[in-house]
1. Quick one: in the stretch 271-293, which of the residues that are of a type in the set (Asp, Glu) and without any contact (Cβ under 8 Å) to a residue 60 or more places away in the chain is surrounded by the fewest Cβ atoms within 10 Å (Cβ to Cβ)?
2. Determine whether Asp303 is modelled with pLDDT under 95 and either aromatic (Phe, Trp, Tyr) or over 27 Å from Ser9 (Cβ atoms) (or both).
3. Every residue in the stretch 61-78 that is crowded, with 24+ Cβ neighbours inside 10 Å and part of a helix (DSSP H, G or I), please.
4. Being part of a loop (DSSP other than H, G, I, E, B), over 20 Å from the mean Cα position of the chain (by Cα) and basic (Lys, Arg): is that true of Arg128 here?
5. Could you list, in sequence order, the residues of the stretch 84-111 that are farther than 21 Å from Leu162 by Cβ and surrounded by 16 or more Cβ atoms within 10 Å (Cβ to Cβ)?
6. Between Ala202, Ala179, which is surrounded by 24 or more Cβ atoms within 10 Å (Cβ to Cβ) and assigned to a helix (DSSP H, G or I)?
7. In the stretch 1-46, how many are basic (Lys, Arg), assigned to a loop (DSSP other than H, G, I, E, B) and modelled with pLDDT under 95?
Amino acid sequence: MSSWTNAASAAGTWCLGDRVVNRLGFGAMRLTGTAPFHGGVPRDRDRSIGVLRRAVELGVNHVDTAAFYFSATRAANELINRALAPYPDELVISTKVGPGRDPSGAWWWATPEQLRGQVEENLRQLGRDHLDVVNLRVPPSNRTGSIGEHFAALADLRAAGLVRHLGVSHVTAEQLAEARTVAPVVCVQNPFGVGAPDEDRALLRRCGELGVAFVPFFAIAGARHDSARGADEHEAVRAVARAHGASVAQVRLAWTLQQGPQVLAIPGTGDPEHLAENVAAGALRLSAGELARLDAIRPVSADGPASN
């Protein structure tokens with residue numbers, strides 16, 4: 001571990017449209033609480049602000065957020081504004097629209113006509129006159145349907161100068177292809193990590209062929225969307241971690257980043273120590289044999305693992 005650097009630039013860079021970002025970024029969801037979507041306990045405000053500032057000090061210049069990342073007393077966008085404004089020129093802030101939450105926390109999904117209001121809400125909260133990247137988050141109920149009307153509404157906001165670049169989130173390959181007929185797509189933000197199913201791996205490769213960034217969330221948590229540090233962690237991940245003197249979270253991040261130069265990781269945390277650990281993972285290089293061993297892991301079904 002002593003040979004590792006703590007700079008986010010160690011993993012290399014990629015372009016989101018005309019913006020160059022380090023491939024190791026930061027996700028802001030956990031700043032609002034341990035489980036903001038389920039009424040989690042709010043994190044200490046000053047600590048969260050300190051984590052954001054430390055992330056930038058470590059070279060993070062790509063921060064992922066959303067107006068719907070809030071708990072009872074914390075909002076990710078407000079914390080970002082307080083911690084980082086006036087924003088460094090090199091900082092790229094990506095956000096998502098589509099889902100919304102009312103003050104009680106109840107969820108709703110925007111119509112195409114409502115997307116402008118969501119974009120403007122992000123602008124107000126972040127204190128900006130434009131958004132660097134806006135991702136259209138597709139609801140689970142529309143995993144096979146058209147997204148063209150919603151994406152066209154965002155393309156209009158891009159033409160109006162409120163948004164610089166567009167992406168899509170939680171989409172299929174077919175939906176990505178549809179979006180690209182409407183407007184340029186700079187990134188796909190989907191769940192992905194060790195154990196990802198074959199269709200997700202195929203979409204990652206397709207993004208590489210298109211020159212589109214693939215931005216996985218749940219790269220550490222995996223398909224279960226919970227902590228990768230639990231007792232049921234896959235033994236292959238543990239073995240690789242032991243070989244490098246690293247944590248399983250670092251191995252999962254390193255494996256994800258080594259899936260292709262177009263992959264941008266956005267691990268999130270409200271803990272300064274975990275932040276340093278996550279950023280350090282950008283310098284961890286796994287061997288071909290280790291990559292192959294982790295590549296062989298497949299999703300765990302209700303009946304047990306599909307493959308080891």
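The values are calculated or read from the model by the stated rules, or taken from the named source; none is laboratory data. In this text the structure is predicted, and so the values were computed from the model without any measurement. Cβ sites come from the backbone with ideal geometry, for glycine too, and all protein chains shown count toward neighbours.
1. Glu273
2. The answer is yes for Asp303.
3. Correct list: Ala76, Asn77.
4. Taking the combined requirement at face value, the residue satisfies it.
5. The one that is farther than 21 Å from Leu162 by Cβ and surrounded by 16 or more Cβ atoms within 10 Å (Cβ to Cβ): Arg101.
6. Being surrounded by 24 or more Cβ atoms within 10 Å (Cβ to Cβ) and assigned to a helix (DSSP H, G or I) holds for just one of Ala202, Ala179, which is Ala179.
7. Here the count works out to 1.
Rundown of residues vs (1) modelled with pLDDT of 95 or more; (2) surrounded by 14 or more Cβ atoms within 10 Å (Cβ to Cβ); (3) not aliphatic (A, V, I, L, M), yes/no style:
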| position | (1), (2), (3) |
| --- | --- |
| Gln114 | yes, yes, yes |
| Gln125 | yes, yes, yes |
| Leu136 | yes, yes, no |
| Thr144 | no, no, yes |
| Phe151 | yes, yes, yes |
| Leu157 | yes, yes, no |
| His165 | yes, yes, yes |
